[in-house]
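**Student:** Please find one structure pasted underneath; my questions will follow.
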Amino acid sequence: MALSQKLSARLSQKLILTPSLQQAIKLLPMTTIELADLLNQEMVENPLLEESVDEEAPTAEVVAEAEAVPEKPDEKGDVWDDADYEYFFGDYLDDGYRPKQAQEVRELPPIENTLTSKGSLADHLEWQLSLQTTDPLIRQIGEAIIGNIDDDGMLVASISEIAALGPWPVASVEQALEHVQSFDPIGVGARDLQECLLLQLRAHGLGGTPVETLVTEHLPLLQNHRVPELAKALGLPPEEIKAYLEVVRHLDPKPGARYTPADSHYVIPDVYIIKTEDGGYRAVLNEEGLPQLRISPVYRRLLDKSAADNTDETRAYVKDKFRSALWLIKSVEQRQKTIHKVANSIINFQRDFLDHGIEHLRPLVLRDVANDIGMHESTVSRVVTNKYMHTPQGVFEMKYFFHSGISSSYGENVSSVTIKQRIRKIIENEDPRKPLSDSKIVSILQREGLVLARRTIAKYREELKISTSNQRKVLY
């Protein structure tokens, strides 16, 4: 039997990410600091890139130089007008953005003045261990114990696990642990919350008192402020139980936290929202420290075929670096224009917020801004990632302005952030003797035209890190 093969041609369309498009997408999510680091690194690696020191617009200069290069397309159809980039981004290349003018460089303090070293909890404990321990075995075990204490000051390994590290006798490990638990801060080295509180009570001379009994035998009731049950269990009047509760409230459940403070992350806004004289707002990009790039004219001359000393190899190298530099400069300019467009669109949607504050924040989704500026949602998503805006109401992440909304009985969409703010104010103004339950908060919001389920209120309350009504209750 003869087999026949059929050949057929099929026409299809595929989106191919060219190097210039890939670079533009890569730059969008970067912060201004990250972009500055990238540009400085590119200037080191690409000899054709240099920082512009005059007030000329670098991009216009680059484009003019690119058009003047006497180079013909190669066999692969390589063209200098970067048609793929223009195809995808040509609609966005308008006059909506202007690069900043040259600014005076301020003299910064020497780096030595900004260096600091913070002592950790482990350093503090090891310092006490070296001063208060002469027994080599206890010191060795103590170092192993300190190595297994977390940032909150809690011991995360069991006695048997530490004993197996030596191996050491269990009795010696317990002796070393008792020694470490006597160190500052009081309560360090505890294996659970109950032991942490007991160590602090005994250090303050409250061992054997009713407050120790509360922590030892009735900790769950203590955590929920169940004063009547505690009074009944200990046979004491509620007023005395409240006094003991006040003592426990002043104990530290995380004694080591003060020695390991969270690192401060300073936010540098990428966009400043400036109020204009006519009462409107406009977006200004923060380009402080961002180098303005241009193509070095010295290296560009190496592309000239008329020069006798320019070999084909030299021209090929310079051509490759020229193309890379041109893509980078155009991508940076496109990034700045795109951020500027998104920021201005946010201004248009959130004008009431800028004028009056968080309670007037409007519901907004990525699609709204994408349709407003004629871009895809994924592009807007990349723009608002890791970016911050300085507004008259404070500094906010650009993602903060995008959130869902709930329809009110008055026909208006109310932002979920606004509802959370309203819940917070309702709870702040409640009677502490009779805290409002989630159901009562639902009723209050219904009278204001907001119909929400009780579970939605509970979800928002938990996101605000507000306790339940039973936990907030203060009994008199």
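The values are calculated or read from the model by the stated rules, or taken from the named source; none is laboratory data. Just so you know, these numbers come straight off a predicted model, no measurement behind them. Virtual Cβ from ideal backbone geometry, glycine too; neighbours counted across all protein chains shown. Just the protein is used for accessible areas: all its heavy atoms, side chains included, with ligands, DNA and RNA removed. Shrake-Rupley method; radii C 1.70, N 1.55, O 1.52, S 1.80 Å.
Residues checked against (1) in a helix (DSSP H, G or I); (2) touching a Lys or Arg at 6+ places or on another chain (Cβ under 6 Å); (3) open to solvent by less than 40 Å² (accessible area, probe 1.4 Å):
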| residue | (1), (2), (3) |
| --- | --- |
| Gln421 | yes, no, no |
| Arg424 | yes, no, no |
| Lys434 | no, no, no |
| Ile441 | yes, no, yes |
| Leu450 | no, no, yes |
| Glu462 | yes, no, no |
| Gln471 | yes, no, no |
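**Student:** Okay, next question. Which residue, of Gln194, Gln200, is polar (S, T, N, Q), assigned to a helix (DSSP H, G or I) and crowded, with 16+ Cβ neighbours inside 10 Å?
**Tutor:** From the options Gln194, Gln200, the qualifying one is Gln200.
**Student:** For segment 407-419, give me each residue that is at pLDDT below 85 and either of a type in the set (Ser, Thr, Tyr) or buried (at least 16 other Cβ atoms within 10 Å of the Cβ) (or both).
**Tutor:** Kept after step one, since they are at pLDDT below 85, are these residues of segment 407-419: 407-418.
Correct list: Ser407, Ser408, Ser409, Tyr410, Val414, Ser415, Ser416, Val417, Thr418.
**Student:** While we're on this one: Does Phe349 qualify as being closer than 30 Å to Lys425 by Cα, among the hydrophobic types (A, V, I, L, M, F, W, C) and over 23 Å from the mean Cα position of the chain (by Cα)?
**Tutor:** yes
**Student:** Can you tell me which of Arg323, Arg315, Arg351, Arg335 is surrounded by fewer than 19 Cβ atoms within 10 Å (Cβ to Cβ), modelled with pLDDT of 85 or more and under 30 Å from Leu38 (Cα atoms)?
**Tutor:** The unique qualifying residue is Arg323.
**Student:** Ok, one more. Pairs, please: C-beta under 8 Å, at least 6 apart or cross-chain, first residue more than 24 Å from Pro255 (Cα to Cα) and in segment 155-174, second part of a loop (DSSP other than H, G, I, E, B)?
**Tutor:** That search, which allows pairs on different chains as well, returns Ala163/Pro169.
**Student:** Return the residue satisfying two criteria in turn: it lies in segment 243-297 and is in contact with an Asp or Glu (Cβ under 8 Å, 6 or more places away or on another chain) and among the polar types (S, T, N, Q), and of such residues it is modelled with the highest pLDDT.
**Tutor:** Checking each candidate, the answer is Asn286.
**Student:** Still on this model: Is it the case that Glu288 is part of a loop (DSSP other than H, G, I, E, B), out of contact with any helix residue (DSSP H, G or I) (no Cβ under 7 Å at 6 or more places or on another chain), within 29 Å of Ile33 (Cα to Cα) and open to solvent by 50 Å² or more (accessible area, probe 1.4 Å)?
**Tutor:** Yes; evaluated as a whole, the condition is true for this residue.
**Student:** Where the second residue is outside any helix (DSSP H, G or I) and modelled with pLDDT of 75 or more and the first is under 11 Å from Pro47 (Cα atoms) and among the aromatic types (Phe, Trp, Tyr) and lies in segment 299-328, which pairs have Cβ atoms under 8 Å and are six or more apart or on separate chains?
**Tutor:** Here the result reads Tyr299/Pro47; Tyr299/Leu48; Phe322/Leu48; Phe322/Ile295, each pair linking segment 299-328 to a residue that is outside any helix (DSSP H, G or I) and modelled with pLDDT of 75 or more.
**Student:** Scan (1) without any contact (Cβ under 8 Å) to a residue 24 or more places away in the chain; (2) charged (D, E, K, R); (3) in contact with a helix residue (DSSP H, G or I) (Cβ under 7 Å, 6 or more places away or on another chain); (4) farther than 27 Å from Glu287 by Cβ for the single condition Lys399 breaks and write down its number.
**Tutor:** Unmet for Lys399, out of (1) without any contact (Cβ under 8 Å) to a residue 24 or more places away in the chain; (2) charged (D, E, K, R); (3) in contact with a helix residue (DSSP H, G or I) (Cβ under 7 Å, 6 or more places away or on another chain); (4) farther than 27 Å from Glu287 by Cβ: (4).
**Student:** Still on this structure: Determine which member of the set Val383, Val451 is of a type in the set (A, V, I, L, M) and touching a residue at least 60 places away in the same chain (Cβ under 8 Å).
**Tutor:** Val383
**Student:** Checking the structure you have, find out if any residue of segment 376-384 is of a type in the set (D, E, K, R) and either outside any loop (DSSP other than H, G, I, E, B) or under 30 Å from His225 (Cα atoms) (or both).
**Tutor:** Checking segment 376-384: at least one residue is of a type in the set (D, E, K, R) and either outside any loop (DSSP other than H, G, I, E, B) or under 30 Å from His225 (Cα atoms) (or both).
**Student:** Still on this structure, please answer the following. State all residues of segment 203-214 that are β-branched (Val, Ile, Thr) and open to solvent by 30 Å² or more (accessible area, probe 1.4 Å); if no residue qualifies, say none.
**Tutor:** Selection gives Thr209, Thr213.
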